[in-house]
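As C-alpha cells, the structure follows; a few thoughts come after it.
The values are calculated or read from the model by the stated rules, or taken from the named source; none is laboratory data. Here the structure is a predicted model, which means the values were calculated and not measured. Glycine also receives a Cβ, built like all others from the backbone with ideal geometry; neighbour counts cover every protein chain displayed. Areas reflect the complete protein model, heavy atoms only, side chains present, ligands, DNA and RNA absent. Shrake-Rupley method; radii C 1.70, N 1.55, O 1.52, S 1.80 Å.
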Amino acid sequence: ADPRRFFFFFLVTMNMQGGQDFDTVIIRKKKPTSSQTRDSKNVNNAFRTGNVATTTKFGAGGNSKGGPANATKLDNSDEAFAHAKVSTELKKAIQQARIAKKMTQAQLAQAINELPKVVQSYENGKAIPNNQVLGKIERALGCKLRGGGKKKGGKK
C-alpha cells in the first residue's frame, strides 16, 4: 500500500489522572477519492467481486439516428394519421349553450376549473376531445352535448 494514498487518523483518549493511560484507540481509513475509485485497476477489481451496478443509457455511444424503431414504417405508410378533433356539431353546441347561459369563455373556464384556452380550443374545434372536460362543460352548462342527438328505438 502506498503510504501517500492512505492516511490513518488516530483518536486517542487519554486518562490524565494516573499518568498517561491510553483507554481507546480508534483507527479510521480515509475514503478513496473519486479519481482513485475510477482507476482501471480498482474498477476491474470491483467487476471481479461483483460490487458494480452497470446501467446502459438509451442510445448511448451510438452514432445512429434517434427516433422510434418503427419510424420508417410510419413514413412509408399511405395513411395519414391524425388525432380526432372536436366535431363541428359539438363546438357549435358548446358555443350556443354558453351564450344561452350568458357566460363568457373565461367564466365557463372558471366554472369547470380549466384554463380559458381549453374552452377556446373546444369552441374553435382544435381540441382533442377529453370526456372528463366534456363532462365538466355539460354540468356547468346544464345540457347534454354528446350522444344526446340520437334516439334509440326500443323493442316491444
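When the surface is traced with a 1.4 Å probe over the full set of protein chains, VAL118 keeps roughly 30 Å² accessible. Site pair ALA84 and ASN124 shows an inter-label distance of 2.2 nm when each label is modelled 7 Å from Cα along Cα→Cβ.
With the cut-off at under 15 Å, measuring from each backbone N in the range 124-141 to a point 7 Å along the Cα-to-Cβ line of LYS92 picks out 124-125.
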